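**Student:** One structure coming up, written as structure tokens, with questions to follow.
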Amino acid sequence: MTQQDLSLAAEVSRKSINAIENGVYVPSTVLALKIAQTLECSVQDLFQLP
């Protein structure tokens, strides 16, 4: 899945997805849930504390 595909599914910009991937932006709970739902995984699978 491309950043563009994920951004469309999560209803955010591609730049937002890129910033999340690079650790520049921490998504809101709602956005984290949308991304996890789109990728068919849990939020915990995507985001973990260092």
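**Student:** Could you please tell me which pairs satisfy a Cβ distance under 7 Å, a separation of 6+ or placement on different chains, a first residue in segment 6-28 that is closer than 13 Å to Thr38 by Cα, and a second residue that is among the hydroxyl-bearing types (Ser, Thr, Tyr) and surrounded by fewer than 14 Cβ atoms within 10 Å (Cβ to Cβ)?
**Tutor:** Ser7/Ser13
**Student:** Here is a check on your reading of the model: is Leu33 under 10 Å from the mean Cα position of the chain (by Cα) and free of Cβ contacts under 8 Å to residues at least 60 places away in the same chain?
**Tutor:** Criteria met by Leu33.
**Student:** Within segment 21-42, take every residue that is touching a Ser or Thr at 6+ places or on another chain (Cβ under 8 Å) and not in a helix (DSSP H, G or I) and give me the one that is nearest to Ala9 (Cα to Cα).
**Tutor:** Pro27
**Student:** Quick check on my filter: what residues within segment 22-45 are among the aliphatic types (A, V, I, L, M) and surrounded by 14 or more Cβ atoms within 10 Å (Cβ to Cβ)?
**Tutor:** Result: Leu31, Ala32, Leu33, Ile35, Ala36, Leu39, Val43.
**Student:** Determine whether Ala19 is at pLDDT 95 or above, among the small types (Gly, Ala, Ser), surrounded by 11 or more Cβ atoms within 10 Å (Cβ to Cβ) and in contact with a helix residue (DSSP H, G or I) (Cβ under 8 Å, 6 or more places away or on another chain).
**Tutor:** The answer is no for Ala19.
The values are calculated or read from the model by the stated rules, or taken from the named source; none is laboratory data. Because the structure is predicted, anything quoted here is derived from the model rather than measured. Positions of Cβ are generated from backbone atoms using ideal geometry, with glycine treated the same way; all protein chains shown enter the neighbour counts.
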